[in-house]
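Some notes on the structure that comes next.
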Amino acid sequence: MINYTAVVLAAGQGKRMLAGKNKQFLKIEDQPLILHTLSVFAKDEWCAEIVLVTNPKEREQMEELLQAFSLNKEIQLVDGGAERQDSVFAGLKAIIHTNLPVFIHDGARPFVKRELLHELAERTIEKHAALLAVPVTDTIKQKNDQLLSTLDRKTLWAAQTPQSFTFSLIYKAHQKAQESGYYGTDDASLVESLGEEVAIVEGSYDNIKLTTPEDLHKAESYIQNQRKGKEVENPMFRIGQGFDVHQLTEGRKCIIGGVEIPHEKGLLGHSDADVLLHTIADACLGAIGEGDIGKHFPDTDPEYKNADSGMLLQHVWKFVKAQGYELGNVDCTVIAQAPKMAPFIEEIRENIASLLDAETKQINVKATTTEKLGFTGRKEGIAAQAVVLLQKDQQA
Ligand SMILES: Nc1ccn([C@@H]2O[C@H](COP(=O)(O)OP(=O)(O)OP(=O)(O)O)[C@@H](O)[C@H]2O)c(=O)n1
Ligand SMILES: C[C@](O)(CO)[C@H](O)COP(=O)(O)O
């Protein structure tokens with residue numbers, strides 16, 4: 001992990017956005033633009049310090065915003081200047097951790113990806129100065145008076161932010177620029193003018209700077225698509241089903257749902273052969289797309305010989321919880337001609353609830369015979385089936 005400081009710029013006027021106010025306060029989907037940008041850094045554990053440069057006239061408004069949408073990192077507010085470059089210099093002067101690389105980032109670029117931030121940090125350690133940039137895709141014309149010329153696109157890159165530097169280098173570059181009265185349109189250009197090399201980290205075309213009203217539509221559809229992608233990867237609800245059969249044989253215990261049931265025969269299997277808990281474990285694994293218990297606890301592994309299936313289910317449940325889910329409900333059916341299940345149903349429900357850190361009302365257990373038909377009807381074996389509904393853990 002490489003720690004860095006982020007200087008986030010929000011002190012502009014956003015004139016080209018034509019919104020009649022600083023674009024940083026415009027709401028994009030659920031929150032103002034500047035919060036989308038700040039939360040990228042607040043969520044990145046590599047980011048050790050955030051300096052937010054604001055327009056002094058909007059400082060109070062910004063403070064209120066930060067309070068209303070509390071981010072999980074402290075943010076130091078600093079008054080910006082008339083030009084972007086003045087704002088950057090003000091931000092640099094406020095940095096506490098001057099030993100860390102400094103990322104200078106436009107508050108108006110909310111979609112920078114964490115992987116790229118990390119690549120940039122690594123390049124800064126190697127090269128002292130680096131920026132995100134993308135190859136230019138249009139043909140670029142240069143117009144001098146009436147004369148038009150075409151630049152060689154192969155050599156052209158569109159600069160983005162963050163631009164990242166060792167503190168001493170970027171501080172020196174800004175100090176020199178201020179002394180000479182030079183204004184560049186980005187920070188890398190100030191370092192270039194010192195004759196220093198700046199490395200390019202190829203960025204993403206998604207890392208747009210919201211500049212004109214059209215960019216707002218692009219931003220909204222980007223966020224909507226991102227949300228849809230997340231829902232597919234990590235949906236709110238997941239459902240799984242399980243089915244299992246074990247043979248009834250003499251000389252074995254009959255354990256169903258973790259309860260030992262008095263019966264002349266018991267269930268045969270590598271583990272304790274608890275047909276119902278196996279079914280529920282399979283349904284849980286099915287819900288999170290993780291195969292079945294055979295995959296996780298092979299019946300060839302001596303570790304699971306006569307294993308307590310309650311323990312196996314708890315293992316599976318830990319795995320489910322680690323993926324950020326909690327139990328919606330379980331509905332299951334034991335299919336057995338004998339033993340008679342009714343006297344044990346409540347105890348089984350409670351046991352399953354305790355194995356799944358759930359309440360008894362979330363568990364339903366039914367039993368049926370098959371009217372003497374088939375292998376269950378002939379009492380050769382017992383089957384069980386279950387459905388499990390998982391829901392995203394709101395605390396995770
Ligand atoms: N004096 C300034 C000017 C700009 N910025 C910030 O620098 C970033 C990039 O600038 P730009 O997109 O040009 O923003 P504005 O200057 O606000 O826009 P405009 O030029 O349309 O007025 C923005 O996050 C902006 O808030 C700043 O902190 N201080
Ligand atoms: C720094 C920058 O975002 C790199 O593309 C860009 O130069 C800022 O320019 P602006 O005129 O302040 O938008």
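Only the coordinates and a few stated rules stand behind these numbers; no lab work does. This one's a predicted model, so the numbers in the text were calculated from it and none came from an experiment. All Cβ positions, even for glycine, are placed from backbone atoms using ideal geometry, and neighbour counts span all protein chains on display.
General remarks:
- Percentage relative contact order, segment 4-233, counting C-alpha pairs under 8 Å, at least six apart: 23 percent
- For peptides 321-329, 256-264, sequence by mean Cβ density within 10 Å, most packed first: 256-264, 321-329
- Build a GNM of the chain with springs between Cα atoms under 10 Å apart, and of Lys172, Lys154, Lys113 the one that fluctuates most is Lys154.
- Dipole magnitude (debye, nearest 20) for segment 4-233, charges at Cβ of Lys, Arg, Asp, Glu: 440 debye
- Among 204-214, 96-106, the order from most to least packed when residues are scored by Cβ within 10 Å on average: 96-106, 204-214
- Ordering of 71-80, 304-313 by packing [mean C-beta count within 10 Å, highest first]: 304-313, 71-80
- Share antiparallel - DSSP beta bridges, segment 4-233, percent rounded to 5: 45 percent
- Reducing segment 34-60 and segment 75-138 to their Cα centroids gives an inter-centroid distance of 11 Å.
- All other residues whose Cβ lies under 12 angstrom from that of Ile140 are scored, Lys and Arg at +1 and Asp and Glu at -1, for a net of +2.
- Hits among lysines - C-alpha to C-alpha of Lys318 under 19 Å, sequence gap 8 or more where chains match: Lys295, Lys392
- For segment 1-70, trypsin sites (Lys or Arg not before Pro) meeting the loop criterion (DSSP other than H, G, I, E, B) and having at most 11 other Cβ atoms within 10 Å: none.
- Counting neighbouring Cβ atoms within 10 Å and putting the fewest first, the residues Ser189, Ser180 line up as Ser180, Ser189.
- Each Cα pair under 8 Å and six or more residues apart adds its separation to the average, and for segment 276-396 the resulting relative contact order is 35 percent.
- Dipole of the chain, positive direction: furthest Cα of His118, Leu268, Gln146, with charges on the beta-carbon: Gln146
- Percent antiparallel among DSSP beta bridges (both partners in the chain, rounded to 5): 60 percent
- Of the cross-linked pairs Lys73/Lys172; Lys23/Lys127; Lys127/Lys228, those separated by over 31 Å at the C-alpha level are Lys23/Lys127; Lys127/Lys228.
- Expressed as a whole percent, the proportion of Cα-Cα pairs in the chain lying more than 32 Å apart is 54%.
- Over all other residues within a Cβ to Cβ distance under 11 Å of Lys43, the charged ones net out to 0, with Lys and Arg as +1 and Asp and Glu as -1.
- Relative contact order, percent, the chain [alpha-carbon distance under 8 Å, six or more residues apart]: 14 percent
- Each semi-axis of the equivalent ellipsoid for segment 256-340 is √(5λ) with λ an eigenvalue of the Cα gyration tensor; in descending order they amount to 23, 17, 10 Å.
- Where only C-alpha atoms are counted, convex hull volume of segment 1-40 per residue in Å³: 78 Å³
- Sequence-distant lysines (8 or more away, or on other chains) whose Cα lies within less than 29 Å of Lys340: Lys253, Lys265, Lys305, Lys361, Lys366, Lys372, Lys379
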